[in-house]
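Below: the structure, in structure tokens.
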Amino acid sequence: MAAPCDGVLVVVSGGVEHRVSVTGIPAWTSHLALLPRSRFLLASGRTSRDRNGTWEKNAVVYSGDGQPVSRLCIGDDIDFILTDRDGGIWTSHGDEGIYGDHPESGAGLARWDADGAHTWGPRGRLPVWPLGGHAAATEDGMTWLAWYSHKGAFLSRVVPGTGDLTNYRTPLRDTDGIAVRGTRMLLTRRFHNRPGVGLSRAELVDDAWVITTQEKLRLPGPVVMYCAQGRDGVLWLRAGDSWLHIGT
């Protein structure tokens, strides 16, 4: 078993850099997400049952000073994690989670609270069964989840307060970053490990997303997996050691 490691979370706010030391980070940690009250989440994409049949915890919530405050399980084979303004943790799952034994992962999309309780699932309201997820964004109180299936790629818009769900076809199948504001959307497709992305802009026309412009952007550093998140109409894109933001 690989040993835990130490790390530093760098937060830049108002031009001021703040560093938080984190010790004992579990091996295979692959996801970082921010939570309200300066907390943050580190998670592994996989979990399994222990000898008693209980699903092992694969996520840790940390306080603002880097101390672990709770450990939880948020499903198996996690492709993407996004948190919302209320502290909800949204996950999309890959095929090993969907077709595995973990009950909440089987639906492909899920929401959890910071205690690990499952608070939302699609409950059969998706047009087809997912195979995996690849992007997500928040828009005010709503959450957008981009996922794919054997019948194409889709976008699901969820209103957490009511659980209402609306599905659309994705105008760009291989997108790995989205941001939404009203009837406008940004979508990116990374050139993996190279300093560039394809950027598409789309408009919602008659309940369908239609691409209006496309371009290639050169970035200050290479892009890799989990490099983009959409927040209230702004796409935040990590390129090497730099963050860029692109508005809709």
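Percent of Cα-Cα pairs more than 20 Å apart in the stretch 1-125, please. All intermediate terms of the calculation are to be shown ahead of the outcome.
Working: 3391 of 7750 pairs.
Summing the P(r) tail past 20 Å for the stretch 1-125 gives 44 percent.
Close amide H pairs (under 5 Å, H built 1.01 Å from N) link A239 with L244, residues at least 5 positions away or on another chain. The helix-based estimate of mean residue ellipticity at 222 nm for the chain, built from -39,500 (n - 2.57) per DSSP H run of four or more residues and divided by its residue count, is 0 deg cm²/dmol to the nearest 500. Look at where the Cα atoms of the stretch 166-188 and of the stretch 227-247 average out, and the two centres are 14 Å apart.
Fewest-first ordering of H18, H102 by other beta carbons within 10 Å of each residue's beta carbon gives H18, H102.
When a footprinting reagent is the concern and you count Cβ atoms within 10 Å, what order do W236, W147 take, fewest first?
Details: W236 16, W147 25.
Ordered from fewest to most neighbouring Cβ atoms within 10 Å, W236, W147 come out as W236, W147.
Be a star and scan the stretch 145-176 for residues whose amide nitrogen sits under 11 Å from the point 7 Å along the Cα-to-Cβ vector of D207. Label zone hits: 167-168. Can you tell me what percent of all Cα-Cα pairs in the stretch 3-76 are more than 14 Å apart? More than 14 Å apart: 62 percent of the Cα pairs in the stretch 3-76.
Scattering from the chain was approximated by placing one identical point on each alpha carbon and applying the Debye formula without solvent; log10 I(q)/I(0) at 0.17 1/Å stands at -1.41. Using C-alpha pairs under 8 Å with a sequence gap of at least 6, the mean separation divided by the residue count of the stretch 176-248 gives a relative contact order of 31 percent.
Taking θ as phi - 60° and the Karplus parameters 6.51, -1.76 and 1.60, the scalar couplings of the stretch 148-156 work out to 10, 8, 6, 10, x, 10, 9, 10, 10 Hz in sequence order, x denoting glycine and proline.
Read-outs: derived from the displayed coordinates by stated rules, not from any lab. Since we're looking at a predicted model, the values are computed, not measured. Reconstructed Cβ throughout: ideal geometry from the backbone, glycine too, with neighbour counts over all protein chains shown.
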